[in-house]
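Worksheet: the structure to be examined is printed underneath.
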Amino acid sequence: MEITQAPPRDELVRRACDLVPLLREKAVWMDENRRIHDDVLVALTDAGILKMRVPVRYGGYESDMGTVVDVLAELGRGDGSTAWTASVWSISTWMMGLFPDEVQDEVFATPDVRISGILSPGAMAVPTDGGYVVNGKWSFNSGAQQSTWNTNAAVTPTGDGGFAPIMIAVPIADLEIVDDWYTSGLRGSGSITTIAKDVFVPKERVLQMGPVLQGQHQSKQNADAPIFKAPFMPTACATVSAPAVGLAMAAKDAFLERLPGRKISYTDYESQAEAPITHLEVAEAITKIDEVGFHARRAADMIDSKGRTDETWTLEERARVRLDLGAACQRAKEAVDILDGASGGSSIYRDVPIQRIQRDVQALNLHAILHPTTNLELYGRIVCGLDPNTPYI
């Protein structure tokens, strides 16, 4: 058993910041090849970033949510696909900490293991002796080809004609890979489809979804760890807000780096930096970027404070994390759209970062869990006294 002294937040953020030049260098390659570059995988591993949500007894850091958000946001400054994939690995690694301890022993026995996962139940799990036989598929399975394990949702018959959602842990080697990730945004995430064909999953590698969503789990050794006391959805939502923060910051960097020497064609402005419209657009974009950070970090702070005090979550607080996620994505897209629109015709070339940043942030905003209006409606329903229209809260 390996016990590691976790690096402090500022050290992990510095390590992530140091990776930004590499991520920007490999960004076009990852966009074109639709996966994370091997050099980036090595760098993420060497920096310890993939250990942030690994239990300490396996050499992990059990980093708090504020650290996770700040680190992943720095990755997003370099490349949106890398930040998104690292976010999925972070959530799925945390999810593995909810499984029985003997399952964790098996999974974390692989050094620097990468775990991907899908929350949407795309498969049927039929009970059999000692476990379940699973058939079905999971699309948008980010990073699966470069992972060892999957934590995926499925449904199982209840015996009364209904179905109950479950989470399963399954080796990627047991699944068929369908290379169908031909998309406009987050192309480097390699979010392909995986298919299960008569895959046997032992019962100890199955969790009932209801307790998972309520923050209950079967691990005895993780029971008192603050990071494992948070409910699943707030944890997942706060984590995936980080790429939005990073992409918004990346747009600012990309715009300002190209600004010197640029003019506004078909006008008298020989310097775009001298045009009042540029001043207004940059200031408005930065205001929105600040708002992205506010919402992501408010969610992270709530998760960390409640984890330390073991305070019960209210329904409104859970919904507010969904609100923060939607607002972060919405403000990020608004900021990127302003800076993209001010970047001129030459910005459409594939080697100019702003066009990729714009495509990536658009992809974030289309994700069903991140979709701004869906999250705004959910929070508004609860504030107005109605029941939530989803169990994913």
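The values are calculated or read from the model by the stated rules, or taken from the named source; none is laboratory data. What you see is a predicted model; the values in this text were computed from it and never measured. As a convention, Cβ positions derive from the backbone with ideal geometry for all residues, glycine included, and neighbour counts pool all protein chains shown.
Values as computed for the structure displayed
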{"quantity": "Checking TYR61 against (1) of a type in the set (Phe, Trp, Tyr); (2) part of a helix (DSSP H, G or I); (3) within 20 Å of GLN221 (Cα to Cα), the condition it does not meet", "calculated": "(2)"}
{"quantity": "Tally, over the range 127-152, of residues that are touching a residue at least 60 places away in the same chain (Cβ under 8 Å), out of contact with any Gly (no Cβ under 9 Å at 6 or more places or on another chain) and not in a strand (DSSP E or B)", "calculated": "1"}
{"quantity": "Qualifying positions in the range 216-230 - buried (at least 20 other Cβ atoms within 10 Å of the Cβ) and either among the acidic types (Asp, Glu) or part of a loop (DSSP other than H, G, I, E, B) (or both)", "calculated": "ASN222, LYS229, ALA230"}
{"quantity": "Single residue of GLY185, GLY159 found to be modelled with pLDDT under 95, outside the structural domain of ASP101 (by TED's automatic domain parsing), outside any strand (DSSP E or B) and not hydroxyl-bearing (Ser, Thr, Tyr)", "calculated": "GLY159"}
{"quantity": "Selected residue [modelled with pLDDT of 95 or more, crowded, with 23+ Cβ neighbours inside 10 Å and at negative phi] from ALA173, ALA169, ALA153", "calculated": "ALA169"}
{"quantity": "Checking GLY246 against (1) without any contact (Cβ under 8 Å) to a residue 60 or more places away in the chain; (2) within 12 Å of the chain's Cα centre (by Cα), the condition it does not meet", "calculated": "(1)"}
{"quantity": "Complete set of residues in the range 93-126 that are of a type in the set (Val, Ile, Thr), modelled with pLDDT of 95 or more and either crowded, with 24+ Cβ neighbours inside 10 Å or not in a helix (DSSP H, G or I) (or both)", "calculated": "THR93, VAL113, ILE115, VAL126"}
{"quantity": "The range 243-268, subset buried (at least 16 other Cβ atoms within 10 Å of the Cβ) and modelled with pLDDT under 95, residue farthest from ILE357 (Cα to Cα)", "calculated": "ILE264"}
{"quantity": "Condition met for GLY293 (crowded, with 18+ Cβ neighbours inside 10 Å, in the same structural domain as GLU334 (by TED's automatic domain parsing) and either over 22 Å from THR67 (Cα atoms) or modelled with pLDDT of 95 or more (or both))", "calculated": "yes"}
{"quantity": "Extreme residue, farthest from PHE163 (Cα to Cα), among residues of the range 185-215 that are surrounded by fewer than 17 Cβ atoms within 10 Å (Cβ to Cβ) and basic (Lys, Arg)", "calculated": "LYS197"}
{"quantity": "Some residue of the range 68-75 being at pLDDT 95 or above and part of a loop (DSSP other than H, G, I, E, B)", "calculated": "no"}
{"quantity": "Count of the range 303-331 residues which are surrounded by 14 or more Cβ atoms within 10 Å (Cβ to Cβ), acidic (Asp, Glu) and assigned to a loop (DSSP other than H, G, I, E, B)", "calculated": "0"}
{"quantity": "Exclusive hit being aliphatic (A, V, I, L, M), more than 15 Å from VAL103 (Cα to Cα), in contact with a strand residue (DSSP E or B) (Cβ under 8 Å, 6 or more places away or on another chain) and modelled with pLDDT of 90 or more, set VAL199, VAL212", "calculated": "VAL199"}
{"quantity": "Residue check for GLY385: assigned to a helix (DSSP H, G or I) and surrounded by fewer than 20 Cβ atoms within 10 Å (Cβ to Cβ)", "calculated": "no"}
{"quantity": "For ASP290: the one exception among (1) more than 19 Å from ALA230 (Cα to Cα); (2) assigned to a helix (DSSP H, G or I); (3) in contact (Cβ under 8 Å) with a residue 24 or more places away in the chain", "calculated": "(3)"}
